[in-house]
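For reference, the structure is listed below as structure tokens.
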Amino acid sequence: MKTCLLLIAAAFISVALPAQIASYDLASVPEVVKKNADVIKRYGNMVFEVSDIDKATLNVHEIVTVQNEKGRDALAFYQYSSKTLLLDDVELKVYDASGKLLNKYRKKDMYTRATGEGLVEDGFVTHYSVSAGSYPITVETKYQVKFKGLLAYPAWFISRPGTGVENSSFTVKVPKDLDLRYKEKNIQLPPQVAEEGAYKIYKWQVSNLPPVADEEGAVKYRSRYPSIQIAPNRFSYYNRPGSLDSWNSFGQWMAALYKGQDELPAERQAFFQEMVKDAPSDREKVKRIYQYLQKNFRYVSIQLGIGGFKPFSADFTDKKKYGDCKGLSNYMKAALKAVGINSHVAIINSDYNSEPVEPDFPIDVFDHVILCVPQPKDSIWLECTSNTADFGVLGSFTENRRALLVTDNGGVLVPTPSSKAANNTQHATTTVQLEEDGSGLINTTFRTTGRYREIMDYVVNEKKEDQKEFIVFGIGFKQPDDFEFAKQESGSVYTSGLKMAMEKVPEFTAGNKMFLAPRLYKIWGSKLPKAENRKLDYYFRNPFIEVDTTIFKLPEGVTPDALPKEKSLQCAFASYNTKYWFNEAEKAVYSTATLELRQHKIPAAQYAEVKQFFDEVLMDDGQRIVVVKK
């Protein structure tokens, strides 16, 4: 009887390799799977077996056929490994369209490189890219990963952009006393559930899924395509047991790692107390200490091992003047503590426009740490890794999320601020001293905040050839004959200046007339992707306000002949307004424009309206100021 049960369980976990796949005959693939597919997943069998609270094994067996160059990313193998994540041997087999074996690769044939900066144990990445002489080409992949310490369980990503799925399954075997939690993302797919002695077995399986086209400007495919997420209830990582059955309990585990790390020596506490002794408010105290951090510390990356979760002590960070996100946030916390201000480190999933974690499904998908300083009205949020971020503004790297505050009483999930246009501004004022021959001297002052500030601060410190590339391809100026680009001020508004000499300012000349672009750079230079059949929300990097004033100072004997029509455009999420006039006393033509995007996330149903708006902004840029020499 026991043998019979074991055989039944084994059959439940395994998935037989369909006979037609062995022949690599694409004719047998249903049309719904291969139509418009760049990649066809012929077979997928992913088995995750948890044997204890800190031990598990993942076995993966996949066969994919890549039909064209667009699907070439599917020819790459890429796997992390570390002290707690061991990659056993890997086998890749490559077949041509007829099923002939072309090549076979093992782990020893692949490239393995270290990751990390040497401050804690380093991890490794093993990778290999198969070369395709022609298409279609099929790659069969088998590998095993052993877990020694469990905090996160692997997710099953059912589909990827442009991939049709013929057969694929995900099986999880877990002790009953541990069990697991799961969540379906972008699919309704309840598992089959069985029991085997002290174990519970979950199995998800799909077949004949059509490819879903990628849509430019959507969030990462991992957030928008079908997947199954699984998470432990209890875990142990580096012999530190914890619970993930609630956000509060996970925060308790994190708090234990931070305990005692936010202490500074007495003389350093006194240093910060002296720094803020005459500050009129707690907010001003926080600002002074934050600006000290920005000017005197640098960021390094530590991502693996317990060092990926536990910060170096504040004293260590203070002496070394560097740290990773948690180290710098912990140091800022310690400095604020020295002056009597309470704060909390907050763990968060980063990256631009990443989707927030879900309140009803505690799981460790975090990869970044910021700092929250509670205040009577609005909390102060600080990005402690940036030397250029505006005080109290996170930016779209971590805005619009939910962060887990690590408090003495456990974890508290709270929203981070929403992105605001007023936090990302660029005011450009350009004066053009136009000469009779069409040449000119141009002086532009940029006053920037937020994302624009970070860009300008980066560019002004680059080499001149890189600055020139930014001027021409990044902003859209004509190529200057000579230029100087430099920072002027860096207070609450970052000011930079660009001086250029151009041999030809007009777009073109005709007889005694010169035709001038209303602005010498592009206030908006990109064409948005097509709107037809849009199914996914579109994301701009951030909302913004751009204001431009361009002044053309005319030479003697040159007067305006025609000014562009003023434009006023509106849609649900954006506005655009222009004005033009001639100042006779100054002998100067003025051109002004204001472009505002109030919301960065555009629902798919309203995307067509937004695309039309920006298309019209681009068209309006084609208007010309005409001046004539009498």
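The values are calculated or read from the model by the stated rules, or taken from the named source; none is laboratory data. Please read these numbers as outputs of a predicted model, since none were measured by experiment. Quick reminder, even Gly has a Cβ in these numbers, built from the backbone with ideal geometry, and neighbours come from all protein chains shown. Keep in mind that these areas ignore ligands, DNA and RNA; they rest on the heavy atoms of the full protein, side chains included. Shrake-Rupley method; radii C 1.70, N 1.55, O 1.52, S 1.80 Å.
Worth a mention:
- Evaluating 6.51 cos²θ - 1.76 cosθ + 1.60 at θ = phi - 60° for every residue in region 445-456, the Karplus couplings come out as 10, 9, 10, 10, 9, x, 4, 5, 4, 4, 4, 5 Hz, glycine and proline recorded as x.
- Other residues lying with their Cβ under 13 Å from the Cβ of residue 342 contribute a combined charge of 0, Lys and Arg counting +1, Asp and Glu -1.
- Rounded is the label for region 291-410. Its Cα gyration tensor axes, ordered a ≥ b ≥ c, give a/c under 1.5.
- Stretched out straight at 0.36 nm per residue, the stretch from residue 590 to residue 351 would grow longer than its current Cα-Cα span by 82.1 nm.
- Rolling a 1.4 angstrom probe over the protein heavy atoms with all chains in place gives region 477-630 an accessible area of 48 Å² per residue.
- Counted residue by residue at 0.36 nm each, then reduced by the alpha carbon distance between them, the extension gain from residue 568 to residue 89 reaches 166.1 nm.
- Cross-linked pairs 285/320; 70/535; 259/377; 185/535: Cα-Cα separations exceed 26 Å for 259/377.
- Here the accessible area of region 438-509 is 44 percent carbon and sulfur, with a 1.4 angstrom probe and all protein chains present.
- Computed E for residue 179/residue 269 - FRET, C-beta separation, R0 51 angstrom, nearest 0.05: 0.65
- Taking a straight line from the alpha carbon of residue 630, these aspartates and glutamates sit under 13 Å away, with near neighbours fewer than eight places off in the same chain left out: 436, 556, 561.
- Apportionment of accessible area to carbon and sulfur, region 55-173, percent (1.4 Å): 46
- Set of lysines near residue 104 by C-alpha distance (under 20 Å), chain-local residues within fewer than 8 positions excluded: 41, 93, 142
- Under 18 Å from a label point set 7 Å out along the Cα-to-Cβ vector of residue 484, the amide N atoms of region 418-460 belong to 430-433, 440-446, 460.
- Protein accessible area in region 200-239, 1.4 Å probe - carbon and sulfur %: 44
- Over all other residues within a Cβ to Cβ distance under 13 Å of residue 60, the charged ones net out to -3, with Lys and Arg as +1 and Asp and Glu as -1.
- Proximal charge balance of residue 569 [Cβ under 13 Å; K/R count +1, D/E count -1]: -4
- Over 31 Å (Cα to Cα) - which of 527/629; 277/319; 287/468 fall in this group: 527/629; 287/468
- Between residue 531 and residue 553, the modelled labels are 4.3 nm apart [label points 7 Å from Cα along Cα→Cβ].
- On Cα atoms only, tilt of 266-275 relative to the major axis of the chain in degrees: 30
- Were the residues from residue 615 through residue 236 laid out at 0.36 nm apart, the gain over their Cα-Cα distance would be 131.1 nm.
- Per residue, the accessible area of region 320-465 comes to 39 Å² when a 1.4 Å probe rolls over the protein heavy atoms.
- Partner aspartates and glutamates whose Cα lies under 13 Å from the Cα of residue 100, excluding those fewer than 8 positions away in the same chain, are identified as 25, 140.
- Rounded to the nearest whole Hz, the Karplus-based 3J(HN,Hα) values (6.51 cos²θ - 1.76 cosθ + 1.60, θ = phi - 60°) of region 41-48 follow the sequence 7, 6, 7, x, 9, 10, 10, 10, with x at glycine and proline.
- Model label sites at residue 135 and residue 109, defined 7 Å from Cα along the beta-carbon direction, differ in position by 2.3 nm.
- Residue 36 paired with residue 495, simple spin-label distance in nm, labels 7 Å along Cα-to-beta-carbon: 5.3
- Cα-based shape type of region 278-359, given that a ≥ b ≥ c are square roots of the gyration tensor eigenvalues and the cut on a/c is 1.5: oblate
- Cα gyration tensor, the chain - rounded (a/c under 1.5), prolate or oblate: oblate
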